[in-house]
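I have placed the structure first, in the form of structure tokens, so that the comments after it can refer back to it.
Rule-based calculations on the coordinates, nothing more; no lab input. Small disclaimer: the values here were computed from a predicted structure and weren't measured. Heads up, the Cβs are rebuilt from the backbone with ideal geometry, glycines too, and the neighbour counts pull from every protein chain shown.
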Amino acid sequence: MTTITRLAIPEVVLITPPRFADSRGYFSETYKLSALAAAGLDHTFIQDNESLSSVPGTIRGLHFQAPPFAQAKLVRVIAGSVFDVAVDIRKGSPTYGQWVGATLTAEHGEQLLIPHGFAHAFCTLTPDVKVLYKVDGAYSKVSEGGIIWNDPDLAIDWPVTEALVSDKDADLPRLKDIDSPFTYS
């Protein structure tokens, strides 16, 4: 049975599908719409994305897509491990500006569901990490947004001393300097 764990910000959910192992390896249903629906998680994913990060300590994010192109994400690791983070950027939310994180590994198959209204990032913990994630909305370049990964107001406890980030991500604003397009309801 799929294990569903709500994190400290309950809209962000850690999902661990069961694995059935034998001498050949294992089998797992990594995505089952009915299991998510039974837990009250109503997302229709339309696209899969994959990334490869070769160097441990690589941080990708914090990214979001503004409405009407907002994207919920279902993130899993298919090689290596990451520390995955979601930051609440919904104006009026009791957890606005707070973050939650979870370690996701290929070995155990954990997944993180990040709903609309959250910025998302991950930090690679091993070399040659492959991340696969489903999204429930189409990408739109004009709707992309982000927050600097090391915003001191967020104080994310990244598990690295030196981070490798893209030039684009290194130039993102702090949360206090954006007008979030999301409202808590």
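Whose amide H sits under 5 Å from the amide H of T103, counting only residues 5 or more places off or on another chain, with H placed in the peptide plane?
Under 5 Å from the amide H of T103: D84.
Diagonalise the Cα gyration tensor of region 17-124 and give the resulting equivalent ellipsoid semi-axes, square root of 5 times each eigenvalue, largest first, whole Å.
After scaling each eigenvalue by five and taking roots: 25, 19, 12 Å.
Ordered by residue, what ³J(HN,Hα) values in Hz, to whole numbers, does region 115-121 give under the Karplus form 6.51 cos²θ - 1.76 cosθ + 1.60, where θ = phi - 60° and Gly and Pro are x?
After applying 6.51 cos²θ - 1.76 cosθ + 1.60, I find x, 4, x, 10, 8, 10, 8 Hz.
Looking at the chain, which longest stretch skips every one of the GluC sites (Glu not before Pro) that is in a DSSP loop with at most 16 other Cβ atoms within 10 Å, leaving the sites themselves out?
30-106
Which of the chymotrypsin sites (Phe, Trp or Tyr not before Pro) across region 113-185 are loop residues per DSSP, with 16 or fewer other Cβ within 10 Å?
Those satisfying the criteria are Y139, Y184.
First check a/c for region 110-175, with a ≥ b ≥ c the square roots of the eigenvalues of its C-alpha gyration tensor; if it is under 1.5, answer rounded, and if not, answer prolate when a/b is larger than b/c or oblate otherwise.
The shape class here is oblate.
Amide H neighbours of K73 under 5 Å, at least 5 residues apart or on other chains, H built in the peptide plane: list them.
I114
I need the P(r) histogram for the chain: all alpha carbon pairs, bin width 10 Å from 0 out to the longest distance, whole percents.
Spelled out bin by bin, the chain gives 9, 38, 38, 13, 2, 0 percent.
Over the chain, what is the mean sequence separation of C-alpha contacts under 8 Å (at least six apart), divided by residue count, expressed as relative contact order in percent?
29
Kindly write out, for region 169-181 in residue order, the coupling ³J(HN,Hα) from the Karplus curve 6.51 cos²θ - 1.76 cosθ + 1.60 (θ = phi - 60°), rounded to whole Hz, with x marking Gly and Pro.
After applying 6.51 cos²θ - 1.76 cosθ + 1.60, I find 5, 5, 9, 6, x, 7, 4, 5, 9, 10, 9, 4, x Hz.
Could you go through region 129-142 in sequence order and give the Karplus-derived ³J(HN,Hα) for each residue, using 6.51 cos²θ - 1.76 cosθ + 1.60 with θ = phi - 60°, rounded to whole Hz, and x for Gly and Pro?
7, 10, 10, 10, 9, 8, 10, 9, x, 6, 6, 9, 4, 6
Local charge sum around A21 (other residues, Cβ-Cβ under 15 Å, Lys/Arg +1, Asp/Glu -1)?
-1
Any chance you could count the Lys pairs in the chain whose alpha carbons are under 30 Å apart, treating pairs 8 or more apart or on different chains as valid?
Close lysine pairs under the 30 Å cut-off: 21.
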